[in-house]
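Engineer: Please read through the structure below; I'll follow up with questions.
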Amino acid sequence: MADINKPIKFSDQFLKRISQKTSDPNFKIEDWSNDDIQDIRKYIRDYYRDLTKKCFYCRKEISLKSANNCHIEHIIPKSSNLNFIFEPKNLCVICSDCNEIKLAKEVENKIDKVTKRKKPYKRYPKSSEAFLIIHPHFDNYDDHIFQCEDIYIDLSPKGTYTMYICKLNRKLHKYGIEPLALSQSELFDLFNKIMNETNFTRQGILLNKLRSYFIKAS
Ligand SMILES: [Zn+2]
């Protein structure tokens, strides 16, 4: 199941203000940070924070009160498409590290199957296939990434791409450690979690992935 199955709903008053703001011909990305919409940003942050209680990409804790370490994430970046800046399905909350790392990296799977050309979205997509990354409103995270503490294993192309643009194995990489040069307790927890998988196909895939990591690391 997707993390978010009820996108935020804005009050009529908020919708009116959002419409006034975005219909201004001079409306630009920087206006997202304006003081006059601080209450709208707070409403968005609190709504998705209360709903998900963690960073969507790395699954780690976010601040429970503060705006620090609880950033409103625009899944399609503001810089790519200003039309989706208040789009409920384009929003979630993430931690400071993911926010700083993901930035404006491309997430839209917008190559037209017929023309093979890039086709920017005019309307917000309604399905998972429209995105290169795992989408909090459309995808089940666990289908794409296996996570055990600071260790992430990709289970699909979306998982691979999400891990790449958010550098999810960042803790292991930051300290120059090979992915499987883990402490005994980390390795124990990892194997334990994999061996407790009840879906044997998934367990097999995870064990094969681990095997290939061992071969790469040796
Ligand atoms: Zn994160």
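Engineer: Report the extension gain between residue 23 and residue 103 in nm, rounded to one decimal, defined as 0.36 nm multiplied by the number of residues separating them, less their alpha carbon distance.
Structural biologist: Contour length minus Cα-Cα distance gives 26.3 nm.
Engineer: Taking each pair of different alpha-carbon atoms in the chain once, compute 1/r for the pair, average those values, and report the inverse of that mean as the Kirkwood hydrodynamic radius in Å to one decimal.
Structural biologist: Taking the inverse mean of 1/r over all distinct Cα pairs, the chain comes out at 19.0 Å.
Engineer: Compute the distance from the alpha-carbon center of region 149-166 to that of region 34-95, in whole Å.
Structural biologist: Going from one Cα centre to the other spans 21 Å.
Engineer: Mind checking the full-extension length gain between residue 83 and residue 183? Use 0.36 nm per residue of separation minus the Cα-Cα distance, one decimal, nm.
Structural biologist: 31.4 nm
Engineer: A follow-up question, please. Work out, step by step, the length gained on full extension between residue 170 and residue 119: first 0.36 nm times the residue separation, then minus their alpha carbon distance; give nm to one decimal.
Structural biologist: 15.2 nm
Engineer: For a label point 7 angstrom out from the Cα of residue 201 toward its Cβ, which stretches of region 129-148 have the backbone nitrogen within less than 14 Å?
Structural biologist: Label zone hits: 143-144.
Engineer: In region 12-102, carbon and sulfur make up what percent of the accessible area (probe 1.4 Å)?
Structural biologist: Here carbon and sulfur together make up 45 percent of the probe-accessible area.
Engineer: Kindly report the accessible area of region 7-134 per residue (heavy atoms of protein chains, probe 1.4 Å, no ligands, DNA or RNA), in Å².
Structural biologist: Accessible area per residue: 59 Å².
Engineer: What size of dipole, in debye to the nearest 20, comes out for the chain about its Cα centre when the only charges are +1 on Lys and Arg C-beta atoms and -1 on Asp and Glu C-beta atoms?
Structural biologist: Value, rounded to 20: 660 debye.
Engineer: Continuing with the same structure: Mind checking which aspartates and glutamates have their C-alpha under 15 Å from residue 9, skipping anything on the same chain fewer than 8 residues away?
Structural biologist: By straight Cα distance, residue 9 reaches 39, 46, 50, 87.
Engineer: Helix 184-195: angle to the longest alpha-carbon principal axis of the chain, degrees 0 to 90, nearest 10?
Structural biologist: So the helix axis and the longest Cα principal axis differ by about 80 degrees.
The values are calculated or read from the model by the stated rules, or taken from the named source; none is laboratory data. Please read all numbers here as calculations on a predicted model, not as lab measurements. Positions of Cβ are backbone-derived with ideal geometry, glycine not excepted, and every protein chain shown enters the neighbour counts. Side chains are part of the model used for accessible areas, which takes the heavy atoms of the whole protein and leaves out ligands, DNA and RNA. Shrake-Rupley method; radii C 1.70, N 1.55, O 1.52, S 1.80 Å.
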